[in-house]
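Asks: Before I ask anything, here is the structure I am working with.
A short reminder: the numbers here are calculations on the coordinates, not readings from a lab. A quick note: this is a predicted structure, and the numbers were derived from the prediction, not measured. Positions of Cβ are generated from backbone atoms using ideal geometry, with glycine treated the same way; all protein chains shown enter the neighbour counts.
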Amino acid sequence: MERINTQQLESMMESNSDLAVINALPEGSARETHIEGTSNIPIERDDFVEQVEKTAGGKNQPVVVYCANTECDVSDKAAKKLEENGFQRVYDYEGGVKAWENEHAKA
């Protein structure tokens, strides 16, 4: 797992239109805390790994997971769970929605 910041995520999203960016928060939280163009697959789902694999197009495809902010550990847990299940290219966007919104509020 590699931890990435907002600029790295933006660059990855621009250069790879097939990039799977996953909000791992519970469904209710994800409705309020979401980055446009990303998927919500809550980590607590029994089929979390299978759904991420389906969304990404395979375990060898890059996957970015995120949650609400730097205090939230959901994305870290999600990234570890994916790696434990054979995903090869997992990224944890540590800043989460809060960092994303802070950066894009400046624009």
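Asks: Looking only at region 40-52, count how many residues are buried (at least 17 other Cβ atoms within 10 Å of the Cβ) and either assigned to a loop (DSSP other than H, G, I, E, B) or in contact with a Cys (Cβ under 9 Å, 6 or more places away or on another chain) (or both).
Replies: Result for region 40-52: 3.
Condition check ((1) exposed (fewer than 15 other Cβ atoms within 10 Å of the Cβ); (2) in contact (Cβ under 8 Å) with a residue 60 or more places away in the chain) across all residues:
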| residue | (1), (2) |
| --- | --- |
| Arg31 | yes, no |
| Lys54 | yes, no |
| Val63 | no, no |
| Ala68 | no, no |
| Ala79 | no, yes |
| Arg89 | no, no |
| Gly95 | no, yes |
| Ala99 | no, yes |
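Asks: For residues in region 17-26 being out of contact with any Ser or Thr (no Cβ under 8 Å at 6 or more places or on another chain) and within 23 Å of Asn85 (Cα to Cα), which is surrounded by the fewest Cβ atoms within 10 Å (Cβ to Cβ)?
Replies: First pass over region 17-26, keeping only residues out of contact with any Ser or Thr (no Cβ under 8 Å at 6 or more places or on another chain): 17-19, 26.
Filter once more, so that each one left must be within 23 Å of Asn85 (Cα to Cα): 18-19, 26.
Values: Asp18: 8, Leu19: 19, Pro26: 16.
Only one residue tops the list, namely Asp18.
Asks: Also: From (1) of a type outside the set (S, T, N, Q); (2) in a loop (DSSP other than H, G, I, E, B); (3) crowded, with 18+ Cβ neighbours inside 10 Å, pick out the condition that doesn't hold for Gly37.
Replies: Of the numbered conditions (1) of a type outside the set (S, T, N, Q); (2) in a loop (DSSP other than H, G, I, E, B); (3) crowded, with 18+ Cβ neighbours inside 10 Å, the odd one out for Gly37 is (3).
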